[in-house]
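Undergrad: Supplied in C-alpha cells, the structure appears directly below.
What follows draws every value from the coordinates through simple rules; no lab data is involved. Predicted model only: the values in this text are computed from it and were never measured. When we count neighbours, we look across all protein chains shown, and the Cβ atoms used for this are built from the backbone with ideal geometry, even at glycine.
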C-alpha cells in the first residue's frame with residue numbers, strides 16, 4: 001500500500017474513504033468481488049461487497065433466509081509488514097456475528113450487526129498471497145438490535161427485508177505501534193476550550209501530539225475552492241503530551257468565540273469544522289470536530305446558546321437495489337441536499353446506525369441529526385446486554401460529529417413493551433438513557449421516543465399520525481395531553497412525572513398517494529399534490545407557530561418497500577414540487 005497524499009478534505013471526498021472522521025493515509029479497500037456461499041464453506045458463488053446477498057447490487061439478490069453465510073477474499077502484500085507498524089483489518093458493519101480468519105487462523109470474533117470492529121492481523125499475514133475467510137451467523141432472534149429488519153421471515157407492517165453478512169465497507173489499514181483506537185474531542189463553548197482524549201492499543205508510555213486547524217464551512221454543493229484551501233491552513237494550536245496505560249489527554253484553548261463565533265463554531269448556517277492531526281509515536285490519525293453546544297432550556301432547544309427550531313424529517317436509509325447499504329458516498333450527500341431543499345434542517349435517522357459518510361456530509365453541509373439505536377423486539381437478559389454494547393459502540397464511533405445533536409435510545413416501547421407498568425422495563429429504559437449520558441454529557445437523550453417515556457428522558461417526544469387540520473384542538477390543553485397522551489397511548493409510563501422537558505412531535509404525517517396502490521400510508525391516501533398540501537400544511541404551520549413545541553419530525557423522507565408514505569419515491573424522485581414542500585416545512589416561527 002502506498003501512503004495517500006494531498007489535501008485531507010480532497011482525500012476524503014475524492015477517494016470516498018470509509019471513515020471520514022478517522023483517517024490514516026495508508027489504507028486500501030477490500031470492497032468488490034468476494035467468494036461466497038450459503039450454509040457451508042464451498043464458495044460456489046461470487047458476491048459484490050459491501051452489499052448483502054439480499055440486495056440486488058450484491059449480484060445475488062435472493063431473499064430466502066440463511067442463518068450461516070461464508071465469505072473468502074485473497075489479497076497480496078508486496079512486502080512484509082514493517083516492524084514499527086501493524087496491519088489492521090477493518091469492517092464497517094457485519095450482521096450479525098462474524099468469525100474472521102486470516103490464513104486459517106482466527107483473527108477475531110464480533111457480535112453486533114450495526115457497529116464496526118477491527119483485528120490486528122500483523123502476525124497472521126506474510127509477503128505474497130493471503131486469504132481472509134468469514135463465517136457469519138444471522139438468525140431471526142428478536143432479542144438483538146434489528147432495527148427495521150423483519151424477524152418473521154417476511155416483510156410486514158413497517159419492517160423490511162433483512163440484511164445478512166457484510167453490509168458496510170471493508171478495508172486494510174497500516175497503523176503505528178502502539179496505535180490510536182479512538183480520539184474523543186469534547187467542545188466547551190462556555191470556556192472556549194476543547195478536551196481531546198486519546199485511547200491507545202497498548203498500555204506503555206508514549207509521546208502524543210495533537211495539532212488543530214480550521215476547516216471553514218463550504219456552501220451546499222460546493223467542492224471547496226482555492227480560497228477555502230488557503231483558509232484551511234489557519235493554525236489554531238498544537239499540544240505535546242504523554243499517554244500512559246492506554247490513555248492521554250490535552251486541552252485546546254481557542255480565541256474568544258464571542259468575537260469570531262460565525263467563523264469558528266458549527267451550526268447549519270456556518271458548519272465550520274476543526275481538523276485535528278493526532279500522533280502517538282509513529283501512528284498518525286486525522287479527524288475533526290465542531291465547536292457547538294446543545295441544550296434544552298425552558299422548553300426550547302438551544303444551539304450554541306440561542307433558540308433553534310428543529311424541522312426534521314424521518315429517514316430510514318434504505319435504497320431499492322442496495323437496502324441498508326448506500327450505493328456510494330454521493331448518494332448520502334444527495335439525500336441531505338434534497339432534505340435541505342425541502343425545508344428541513346435535520347433528520348431523525350430512524351432505527352439505523354448509518355454509514356459514517358452520512359454523518360460526515362451532515363457535518364460538512366450543516367444538517368442536524370438524531371442518532372437512533374436499532375431496536376430489539378423481545379425482552380430478556382440478552383436484550384439488555386446487546387443493546388448496551390451496541391449503544392456504547394455507536395457513541396464511541398460517532399461522538400465527534402457535531403451534526404449529531406440527540407441520542408434516541410429506544411422507540412415506541414419496542415423491546416420493552418411493558419415499560420408503561422413494569423419496573424424492570426422502566427429500569428432498562430433508564431439504563432440506556434444514563435449509559436448514553438455517562439459516555440456523552442453534551443447531548444440530550446430521547447429515551448423511548450413516541451410514548452410511555454420515563455421522567456428521565458430529556459425530550460417528551462410524541463408520535464401522532466392522527467394529527468390532522470381538524471384535530472389540532474387536541475393540543476389546546478397541553479396539561480391534559482401531558483397527563484393522558486394522544487392516540488390512546490400515554491406519554492409517560494406509570495408513576496412518572498413531567499419535569500418540564502421540551503415537547504416535540506417526532507412522528508406525524510406519513511401520507512401516501514392513491515396512485516401508489518401497492519403499499520400503505522397512515523390514514524386515507526391523498527389523490528394528489530393539492531390534497532396532500534391541504535392536509536399537511538396547516539398541521540405543520542401549527543407545530544411551528546403555536547409556541548407549544550421545540551420542533552417536529554415529518555414521516556418520512558422516502559418510500560421504503562411496502563411503506564409508500566415518503567416525500568420521495570425509493571429512487572429519490574420527488575412526489576411533490578420541492579419548492580412547495582420548502583414553503584411548508586421551511587417556515588419560520
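Undergrad: When the gyration tensor of region 399-459 is built from Cα positions, what are the square roots of 5 times its three eigenvalues, in whole Å, from largest to smallest?
TA: Value: 22, 11, 8 Å, ordered largest first.
Undergrad: Please report the spacing between the Cα centers of region 399-450 and region 166-201 in Å, no decimals.
TA: Distance between centres, Cα-based: 24 Å.
Undergrad: If we sort 530-538, 353-361 on the protection proxy, mean other Cβ atoms within 10 Å, highest first, what's the order?
TA: Ranked by mean Cβ neighbours within 10 Å, highest first: 353-361, 530-538.
Undergrad: Give the angle, between 0 and 90 degrees and rounded to the nearest 10, that separates the Cα long axis of helix 423-439 from the longest principal axis of the Cα atoms of the chain.
TA: 50
Undergrad: Rounding to the nearest 10 and keeping the result within 0 to 90°, find how far the Cα-based axis of helix 329-341 lies from the longest principal axis of the chain.
TA: With both axes taken from Cα atoms, the answer is about 20 degrees.
Undergrad: What is the Å³ per residue value for the convex hull set by the Cα atoms of the chain?
TA: About 146 Å³ per residue, rounded to a whole number.
Undergrad: On to the next question. Which value in deg cm²/dmol, rounded to the nearest 500, describes the helix-derived mean residue ellipticity at 222 nm for the chain, given -39,500 (n - 2.57) per DSSP H run of n ≥ 4 and division by the residue count?
TA: After summing the helix terms and dividing by the residues of the chain, the value is -6000 deg cm²/dmol.
Undergrad: On to the next question. Taking the alpha-carbon set of region 8-176, what are its Rg and Dmax in Å?
TA: That works out to 16.5, 55 Å for Rg and Dmax.
Undergrad: What percentage of all Cα-Cα pairs in region 306-584 are separated by more than 29 Å?
TA: Pairs farther apart than 29 Å: 31 percent.
Undergrad: Rounding to the nearest 10 and keeping the result within 0 to 90°, find how far the Cα-based axis of helix 529-545 lies from the longest principal axis of the chain.
TA: Once rounded, the angle reads 90 degrees.
Undergrad: Take each of the peptides 298-310, 75-87, average the number of other beta-carbon atoms within 10 Å over its residues, and list them starting from the highest.
TA: 298-310, 75-87
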